[in-house]
Amino acid sequence: MKLNYKKSGQGDPLIILHGLFGSADNWFSIARELEKHFTLYLVDQRNHGDSPHSSEWNYEVMAADIKELMDDEGISKAYLMGHSMGGKTVMKFATLFPDMIDRLIVADIAPRYYPVHHGKILEGLNAIPLDTIQSRKEADDVLATYIKIPGIRQFLLKSLGRDDAGKFIWKINLPVITEQIEIVGEAITSEKPIEIRTLFMGGANSDYILDSDKEEIAELFPNSSIIFIKDAGHWLHAEQPKAVIETVKAFLG
């Protein structure tokens with residue numbers, strides 16, 4: 001699949017992947033600083049942003065999408081960074097194409113299985129009547145009955161776009177994501193350890209990387225380290241962008 005991406009900057013290639021319900025735009029504020037040091041590729045994963053939709057949606061094909069992008073761009077080796085679902089994608093990529101990664105950054109996710117916990121979000125998104133709403137405010141009003149936190153609604157509604165006729169549409173492939181949401185939580189495994197130098201970067205206020213995950217992380221990624229960004233939750237790049245930028249720069253040298 002030919003993914004949509006935004007390329008900027010100069011230097012060694014750094015490919016950044018967003019999480020579930022997100023898009024390349026989530027990383028713009030980070031990109032402004034990192035593009036001074038790297039050639040950045042901010043990628044929309046399949047079924048998200050402006051990339052194509054497909055009923056085939058799993059970490060193996062999402063990793064293959066990134067390989068296709070690298071092949072098309074003539075990139076033999078790159079730094080890879082992924083947040084949440086994107087973190088699982090880059091971990092899967094590392095199990096399939098380890099020689100194409102220089103260093104790896106996994107943002108606030110562990111390799112283990114995560115149970116489905118997006119039910120209320122999906123219920124709310126599917127409740128928005130795209131055929132009848134006239135404004136984003138109307139969509140937000142519907143979503144507010146399911147999700148009380150305005151910031152979360154604002155993030156989710158970034159995926160609400162319009163077609164050529166001006167009708168509201170989802171940029172995410174909502175039907176496929178709804179039907180196949182279990183794949184997002186799937187564990188990433190490998191028959192042998194991944195020796196790539198890897199940084200697991202968690203939010204100190206998040207519960208996505210737990211003490212109980214450290215042994216599994218060390219077994220799968222023996223050349224890894226774990227740090228936690230102070231005063232940050234799961235959306236660490238939005239909550240503490242300066243700390244994330246400095247951490248990325250220090251790790252990638």
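What is the number of the single condition among (1) under 16 Å from the mean Cα position of the chain (by Cα); (2) surrounded by 19 or more Cβ atoms within 10 Å (Cβ to Cβ) that Tyr114 does not meet?
Condition not satisfied by Tyr114: (2).
Restricting attention to the stretch 127-161, and to residues there that are in a loop (DSSP other than H, G, I, E, B) and of a type in the set (A, V, I, L, M, F, W, C), which single residue is surrounded by the fewest Cβ atoms within 10 Å (Cβ to Cβ)?
Taking the candidates together, the pick is Ile149.
Within the stretch 12-20, can one find any residue that is hydrophobic (A, V, I, L, M, F, W, C), at pLDDT below 95 and open to solvent by less than 10 Å² (accessible area, probe 1.4 Å)?
no
Pairs only if they're at least six apart or on different chains, beta carbon under 8 angstrom, first in the stretch 34-48 and on the phi > 0 side of the Ramachandran plot and in contact (Cβ under 8 Å) with a residue 24 or more places away in the chain, second surrounded by fewer than 22 Cβ atoms within 10 Å (Cβ to Cβ) and not aliphatic (A, V, I, L, M); list them, first residue then second.
Here the result reads Asn47/His53; Asn47/Ser54; Asn47/Trp57; Asn47/Asn173, each pair linking the stretch 34-48 to a residue that is surrounded by fewer than 22 Cβ atoms within 10 Å (Cβ to Cβ) and not aliphatic (A, V, I, L, M).
Working only within the stretch 98-126, note down all residues that are assigned to a strand (DSSP E or B), over 27 Å from Trp170 (Cβ atoms) and of a type outside the set (Lys, Arg).
Listed by number, the residues that qualify are Ile101, Asp102, Leu104, Ile105, Val106.
Please specify each residue of the stretch 21-66 satisfying the condition of being open to solvent by 10 Å² or more (accessible area, probe 1.4 Å), β-branched (Val, Ile, Thr) and either touching a Lys or Arg at 6+ places or on another chain (Cβ under 6 Å) or under 18 Å from Ile172 (Cβ atoms) (or both).
Within the stretch 21-66, Val61 is the sole residue that qualifies.
Any idea how many residues of the stretch 216-253 are in a loop (DSSP other than H, G, I, E, B) and touching a Ser or Thr at 6+ places or on another chain (Cβ under 6 Å)?
Of the residues in the stretch 216-253, 3 are in a loop (DSSP other than H, G, I, E, B) and touching a Ser or Thr at 6+ places or on another chain (Cβ under 6 Å).
Conditions first: (1) farther than 19 Å from Val176 by Cβ; (2) open to solvent by 50 Å² or more (accessible area, probe 1.4 Å); (3) in contact (Cβ under 8 Å) with a residue 60 or more places away in the chain. Leu69 passes all but one, so which condition is the exception?
Of (1) farther than 19 Å from Val176 by Cβ; (2) open to solvent by 50 Å² or more (accessible area, probe 1.4 Å); (3) in contact (Cβ under 8 Å) with a residue 60 or more places away in the chain, only one is false for Leu69: (2).
Which count do you get for residues in the stretch 162-189 that are of a type in the set (A, V, I, L, M) and assigned to a loop (DSSP other than H, G, I, E, B)?
Residues meeting the conditions: 4.
The values are calculated or read from the model by the stated rules, or taken from the named source; none is laboratory data. Keep in mind the model is a prediction, meaning the values are calculated, not measured. FYI the Cβ positions are ideal-geometry reconstructions off the backbone, even for glycines, and counts take in every protein chain you see. Each accessible area value is taken on the protein alone, full model and side chains, heavy atoms only, with ligands, DNA and RNA left out. Shrake-Rupley method; radii C 1.70, N 1.55, O 1.52, S 1.80 Å.
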